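The values are calculated or read from the model by the stated rules, or taken from the named source; none is laboratory data. Keep in mind the model is a prediction, meaning the values are calculated, not measured. Cβ: placed from backbone, ideal geometry, glycine included. Neighbour counts: every protein chain shown. Only protein heavy atoms, including side chains, enter the accessible area calculation; ligands, DNA and RNA are left aside. Shrake-Rupley method; radii C 1.70, N 1.55, O 1.52, S 1.80 Å.
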Amino acid sequence: MSGSGCIFCRISEGELPAEMVHEDAELVAFRDLNPQAPVHVLVVPRRHVSSLDGLDDADESLAGRLLLAVRSIARSEGLADDGFRVVVNSGEWAGQTVDHLHFHLLGGRRLTWPPG
Ligand code: 5GP
Ligand code: ZN
């Protein structure tokens, strides 16, 4: 589902509210509505890409920008020293619930491993 049916497209276009922490021409980052840690930010390409598996080889630059944005936000949120986790759920068995690619940035508490 893309365009007006996709909540992350709508947040990117300003049609739905979100607590933004970063916006540029290609990416937006906003706080998760149901945070799983003191800091829980979603980093999202403005372009509708369904999942990590929806990226193709021509998206090398976008993929790099997403990861570098995660790093920058981790620093600006004060997570770099203690550490943080980056999660991308891709597809049903991983528990992906929003079909628009997003990187979860989690930090601000000690996280356990393995995930469920
Ligand atoms: P997924 O399960 O697909 O990896 O992650 C989707 C995430 O999006 C969940 O952590 C969920 O809390 C978050 N989410 C779902 N709808 C909204 C929304 O409307 N606004 C915000 N800020 N986060 C949302
Ligand atoms: Zn979308």
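Points to keep in mind about this one:
- Theoretical FRET efficiency, 1/(1+(r/R0)^6), r = Cβ-Cβ of ARG75 and GLN36, R0 22 Å, to 0.05: 0.60
- Rounded to 10°, Cα long-axis angle of helix 60-76 versus longest principal axis of the chain: 40
- Computed over protein heavy atoms with a 1.4 Å probe, the accessible surface of the chain works out to 62 Å² per residue.
- Between MET20 and ASP57, the modelled label-to-label distance comes to 3.5 nm, taking each label 7 Å out from Cα in the direction of the beta carbon.
- Principal axis analysis of the Cα atoms in the chain yields extents of 37, 30, 28 Å, listed in decreasing size.
- Sparsely packed loop sites in region 13-64 (the GluC sites (Glu not before Pro) outside DSSP H, G, I, E and B with at most 10 other Cβ atoms within 10 Å) comprise GLU15, GLU19.
- Carbon plus sulfur fraction of accessible area for the chain, probe 1.4 Å, in percent: 50
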